[in-house]
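The values are calculated or read from the model by the stated rules, or taken from the named source; none is laboratory data. Worth saying up front: this structure is predicted, and the values here are computed from it rather than measured. Ideal geometry is used to build each Cβ from the backbone, glycine not excepted, and the neighbour counts take in all protein chains shown. These area figures cover heavy atoms from the full protein model, side chains too; ligands, DNA and RNA do not enter into them. Shrake-Rupley method; radii C 1.70, N 1.55, O 1.52, S 1.80 Å.
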Amino acid sequence: IAYVKTGIRAVDETSRAGLSGLAFIVNRRTAVEMGEPMAIDLNTQELSYFPIIYWPVTDYTPVIPSDTAAKLNKYLRSGGTIFFDTRDQSGASFDAERLEVISRYLDVPPLRAVPSDHVLTRAYYLLREFPGRWAGGRLWVERRGSGLNDGVSSIIVGANDWAAAWALDDSRKPLYPVVPGGERQRETAFRVGINLVMYALSGNYKADQVHVPTIIRRLGQ
């Protein structure tokens, strides 16, 4: 997984530590073998190697220039996914107005809050919510599947500061507190991250009706 460099040291270090922590957990719990996250410059680096790009939005995030947006649009049309995290702890929504300004040249599809039957709720773990460092904010995906990348949403948006929840130090201890749910919430945040990785890598295979009986049995336990 890659993350967009913001130029703000604290934010970039949190992104690195967060995605590194997520990779550690993914490697321990799944068959996926993730490498260390890469910090990328959107203007100079090739994007096609990354199934998903984590983009922390800050107060200083500039409008994406039209030439960079063209490069990103090509990446999205080719099956890539951008995960915008506004990190602002907004409850019902994210800072839609600011994100709209930043991405004015980007082909952002109509979005909707993740419904209860979306593949993200069952890509690996069964989830009913998507907390990060903060809880309560909603996760947003394409209103309708584009047909690219096996129906995986090209844009995912939220505000719960997931990288901070995933961030671990060199001894694998959490770097930041998560509120209000403590370590139980952190565990759910890691499960959100695992589901995101599996969703980006595996597509909508869990939408197949063959999985429904098993999922119903799990929900009843």
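On full extension of the chain, what length is gained from residue 78 through residue 59, given 0.36 nm per residue of separation minus the C-alpha to C-alpha distance?
Numbers: separation 19, 0.36 × 19 = 6.84 nm, distance 2.92 nm.
Taking residue 78 through residue 59 to full extension adds about 3.9 nm, to one decimal.
Just from its helices, what would the mean residue ellipticity at 222 nm be for the chain, if runs of 4 or more DSSP H residues each count -39500 (n - 2.57) and the sum is divided by every residue, rounded to the nearest 500 deg cm²/dmol? Walk me through the numbers on the way to the answer.
Working: 6 runs with 75 residues, N = 221.
Calculated at 222 nm, the ellipticity per residue is -10500 deg cm²/dmol.
Region 46-60 to region 157-175: how many Å between their Cα centroids?
16
What's the local net charge at residue 115, with K and R +1, D and E -1, over the other residues with C-beta under 11 Å away? Before the final figure, lay out each step's value.
On the way: positive: 112, 138, 143; negative: 117.
Cβ neighbours under 11 Å give a net charge of +2.
In whole percent, how big is the carbon plus sulfur part of the accessible area of the chain, probe 1.4 Å, protein atoms only? Let's see the in-between values first.
Details: 5530 of 11200 Å².
It is 49 percent, rounded to a whole number.
With unit charges on the beta carbons (Lys and Arg positive, Asp and Glu negative) and the dipole taken about the Cα centre of region 1-147, which residue among 106, 14, 137 sits farthest to the positive side?
Farthest towards the positive end: 137.
Rounded to a whole number, what is D in µm²/s for region 57-118 from Stokes-Einstein with the Kirkwood radius over alpha-carbon pairs (37 °C, 0.692 mPa s)? The partial results should precede the final answer.
Numbers: Rh = 13.0 Å.
Estimated diffusion coefficient is 252 µm²/s.
Amide H of residue 54 versus every other amide H placed in the peptide plane: which residues, excluding those fewer than 5 positions away on the same chain, fall under 5 Å?
Correct list: 2, 3, 4, 83.
By what distance, in whole Å, do the Cα atoms of region 112-193 stretch along each of the three principal axes, largest value first?
41, 24, 20
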